[in-house]
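Worksheet for the structure shown next.
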Amino acid sequence: MGFTSSNQHHLLSKIATNDRHGENSPYFDGWKAYDSDPFSPTHNPHGVIQMGLAENLLCFDLIQDWIKKNPKASICSREGVDGFKDIAIFQDYHGLPDFRKAVAKFMGRVRGGRVTFNPDRIVMSGGATGANEVIAFCLADPGDAFLVPTPYYPAFDRDLGWRAGVQLVPVACDSSNDFKITEAALEAAYEQAQDANIKVKGLLITNPSNPLGTIFDRETLRSLVSFINKKNIHLICDEIYTATVFSEPNFVSIAEIIEEDMECNRDLIHIVYSLSKDMGLPGFRVGIVYSYNDAVVNCGRKMSSFGLVSTQTQHLIASMLLDDEFVERFVAESAKRLAIRHKAFTMGLLQVRISCLKSNAGLFCWMNLRRLLNESTVEAELALWRLIIDEVKLNVSPGSSFHCSEPGWFRVCFANMDDDTMEVAIRRIQTFVQRKEAVLVAGN
Amino acid sequence: MAIEIEEPSAGLSRVAVSETHGEDSPYFAGWKAYDEDPYDESKNPSGVIQMGLAENQVSFDLLEEYLEQHSEAANWGNGISGFRENALFQDYHGLKSFRKAMASFMEQIRGGRAKFDPDRVVLTAGATAANELLTFILADPGDALLVPTPYYPGFDRDLRWRTGVKIVPVHCNSSNNFQITPQALEAAYNRAEAMNIKVRGLLITNPSNPLGAAIDRPVLEEILNFITQKNIHLVSDEIYSGSVFSSSEFVSIAEILEAQNYKNSERVHIVYSLSKDLGLPGFRVGTIYSYNDKVVTTARRMSSFSLVSSQTQHLLASMLSDTKFTENYIKTNRERLRKRYESIIEGLRNAGIECLKGNAGLFCWMNLSPLLENPTREGELTLWNSILHEVKLNISPGSSCHCSEPGWFRVCFANMNQQTLEVALKRIHDFMEQTKIKKNLL
């Protein structure tokens, strides 16, 4: 049943017909290549290996084990069915009390118990995707802007811009100081926006960073808090990768900063969280808006009607995250396995003198292939990227899709595959680099 | 927590400080009264009985029985390792098995009189998300959707709050049982034009909330003519389609389109959800079914903000593809709702109260206009207040549904057991007796 009509285009809204859904970017081309030729060790050993998807598969055995041992957590099992009716009817946008309690507890636990979170500030959303959009709707009018340090997660443009109409003003960061955000860069970006008559309503940071895998140090966070207080703009901290910190230094959450003796207007501070990365449960759509601003909590909660978490899932998650022993073990084991995976991957790259940005978090590395570029341009980067997809058969993400101002960097995910596949991926990269370097040398 | 609007630092958005979320309406005030003093058969027999919540609790035993026999744990597929694939699945196309099951369930509800293509099923977290999403796709800020009155109060928020789209009411009244007429449609459209507002579509709820009645076939055909002639969209919210007491009395817009070979169907979109028919509002399962390819693609992309939990998709895929179960469920659920409806109508009639003749839904549309001291909105709210605080029943005043005629109230009957319903009917009966006595004494 194909239904088309010549005057279709006029029938739909501007939002429906513009490009702000973002799917025409190269970020998605790699996925298409993977989808049409996916690697499988047995069925398709020469297929494309997916290294463009920041998923965390390393600790599923722990979760599966827990589920087997706790059938009551599923209200759809014989053991849990007594609770079925009350859970299935419950559509209060405050969420199940145990769910809020459990999530608040977990958020504290993954910050090493250094801060506590108030269950009454926990607001649900359709994943972090939904959370970021709700924040945009609450804090900004269409046409307003958020400052965002580059490189940043490509989908922010869609999440904040598509329906909420918020534009992103990049704050340029580069490798000269390991992509750290500087006050000078912030001021420059802010002024640029002012000059263009763009109203800046907030600063959005992802900490730990996607795609860098680095964490913000205490000093930087404090300077950001000063900056936003001075300019009277909001600070939104997407802390979705909190529990993926796998080695020192310790993660410092914005929650800790504002608890410290600091001059800060709490009404400006908002945290976005989710279980998609830390627990590897993206399908369950558990997004959280945690704001220190009562009006935002209130408003965000009303908006959560558009993206509530299924109570079936709320119930399961509540049971799981209130199991202290499980959470302890999971968080520790997850960090351990990520550390091992990260080390194996970075060491494998170092063998062909490919370095990654020094990182201690995330499900990916920020790989430096600058010396393989013919010239330092986005075109050259994309050409190299095409080569990697087509010949090396790896889907990695080009830095330009993250709005990185320096060509030649690539985000490579390593937590979404098993050890053997990772070995294959490393070998392919090693082979490719050796060949490419031979060509470059011959060319000189 | 009251929102302070003086001058919040850095300020919030216009959307955030507006009142379009609608929670200051009486519709919600009644809920608060209930929350503070909820009826309980044993613990609080004089508490407020909640009759303002359109929930379906009459068929839970069927669901529970199914679940006991088809435990989720055993159902992950490949033992427990299917859990992993499911937990990772975040593709906005949704589980194919679930889409197939939804399409088949929607067909069964319509007695097989319309076919649904699983590839046109777009999943959203509830009909709340579906209606908002469609509005974002079909209209620009400042544009309008026509909505026949009386309508579900939540539309004020769902269609307008974050989208910036307006609602222009299509006035219906009791002179013809609140049916939608071409004249009313034209009048509403012209009113919008006169205000320089661009109408992008018409949203109907069929069966209607709050009327509790299915829209007749000739009316649907007139509606289709109207939207085709004006070149606007039609959204048919069929969330109560499974609660029609008798299958033959419901005509879905899908049937009419199929009968005319889908001519001009690219303007038509159906919204559905499992919150009412299956009584699972907590699970947030909504769907948009569009006959327009571009709308399907765009809606699918936009659903990223409100996907259905893959855990829930998986469970319901199993349940809804069990056609033996669904056939029995649909039939039994209808029957029980019909019985419940008949008992409340009879009870009200014995108390001297008439309702609109209904044939669907989880509520009846009760006429208390003879009791109004003043035939105005204020008069209606005064009466509503007495019913809430003296009779201790939370029912929904017609004005909160934007009814143009004062004195009508929506009364839900499927969110309680039979005994509670009888307590409610007794209270109404006593209230009517007292009212008669008071009137005679004046």
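Before moving on, here are some points about what is shown:
- Scan segment B:133-184 for residues that are assigned to a helix (DSSP H, G or I), surrounded by fewer than 21 Cβ atoms within 10 Å (Cβ to Cβ) and hydrophobic (A, V, I, L, M, F, W, C) and the total you get is 1.
- Residue satisfying condition, being part of a helix (DSSP H, G or I), crowded, with 24+ Cβ neighbours inside 10 Å and aliphatic (A, V, I, L, M), within set B:Ala254, B:Ala192: B:Ala254
- Residue selected from segment A:138-156 under the condition of a type outside the set (Ser, Thr, Tyr) and open to solvent by 10 Å² or more (accessible area, probe 1.4 Å), by the criterion farthest from the other protein chains (Cβ to nearest Cβ): A:Pro149
- As for segment A:261-275, it holds at least one residue that is assigned by the TED database to the domain that holds A:Pro154 and more than 27 Å from B:Ser13 (Cα to Cα).
- For segment A:10-35, residues that are touching a His at 6+ places or on another chain (Cβ under 8 Å) and more than 10 Å from chain B (Cβ to nearest Cβ) total 0.
- The single condition among (1) in the same structural domain as A:Gly30 (by the TED database); (2) in a helix (DSSP H, G or I); (3) not polar (S, T, N, Q) that A:Gly362 does not meet is (2).
- Filter result (closer than 23 Å to A:Phe306 by Cα and hydroxyl-bearing (Ser, Thr, Tyr)) within segment B:153-180: B:Thr163
- Residue identified as among the polar types (S, T, N, Q) and not in a helix (DSSP H, G or I) among B:Asn385, B:Asn374, B:Asn328: B:Asn374
- Only one of A:Thr206, A:Thr214, A:Thr220, A:Thr313 that is in contact with a Pro (Cβ under 7 Å, 6 or more places away or on another chain) and in contact (Cβ under 8 Å) with a residue 12 or more places away in the chain: A:Thr214
- Qualifying residue in segment A:66-74 (condition: more than 27 Å from A:Asn210 (Cα to Cα) and more than 12 Å from chain B (Cβ to nearest Cβ)): no
- Residues in segment A:248-262 that are touching a residue at least 60 places away in the same chain (Cβ under 8 Å) and either open to solvent by less than 50 Å² (accessible area, probe 1.4 Å) or within 21 Å of A:Phe227 (Cα to Cα) (or both): A:Phe251, A:Ser253, A:Ala255, A:Glu256, A:Glu259.
- Number of the exception - A:Ala88 against (1) open to solvent by 10 Å² or more (accessible area, probe 1.4 Å); (2) touching a helix residue (DSSP H, G or I) at 6+ places or on another chain (Cβ under 6 Å): (1)
- Unique residue being open to solvent by 50 Å² or more (accessible area, probe 1.4 Å) and either among the hydroxyl-bearing types (Ser, Thr, Tyr) or at pLDDT 95 or above (or both) when the list is A:Lys69, A:Lys101: A:Lys101
- Segment A:268-295, residues that are within 7 Å of another protein chain (Cβ to nearest Cβ) and under 15 Å from A:Pro119 (Cα atoms): A:Asp294
- Across segment B:302-323, the qualifying residues are those that are touching a Lys or Arg at 6+ places or on another chain (Cβ under 8 Å), not polar (S, T, N, Q) and not in a helix (DSSP H, G or I), and the one among them that is farthest from the other protein chains (Cβ to nearest Cβ) is B:Val308.
Here is a yes/no grid of residues against (1) assigned by the TED database to the domain that holds B:Met319; (2) loosely packed, with under 13 Cβ neighbours inside 10 Å; (3) within 23 Å of B:Trp384 (Cα to Cα):
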residue	(1), (2), (3)
B:Ser18	no, no, no
B:Trp31	no, no, yes
B:Pro38	no, no, yes
B:Glu41	no, yes, no
B:Pro45	no, yes, yes
B:Ile49	no, no, yes
B:Gly52	no, no, yes
B:Glu55	no, no, yes
B:Gln69	no, yes, no
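- Test: residue in segment A:103-118 that is among the hydrophobic types (A, V, I, L, M, F, W, C), within 16 Å of A:Thr311 (Cβ to Cβ) and within 11 Å of another protein chain (Cβ to nearest Cβ): no
- Residue in segment B:103-127 that is surrounded by the fewest Cβ atoms within 10 Å (Cβ to Cβ), counting only those that are in contact with a Gly (Cβ under 7 Å, 6 or more places away or on another chain) and within 10 Å of chain A (Cβ to nearest Cβ): B:Gly126
The values are calculated or read from the model by the stated rules, or taken from the named source; none is laboratory data. This is a predicted model, so every value here is computed, not measured. Reconstructed Cβ throughout: ideal geometry from the backbone, glycine too, with neighbour counts over all protein chains shown. These accessible areas exclude ligands, DNA and RNA; they are computed on the full protein's heavy atoms, side chains included. Shrake-Rupley method; radii C 1.70, N 1.55, O 1.52, S 1.80 Å.
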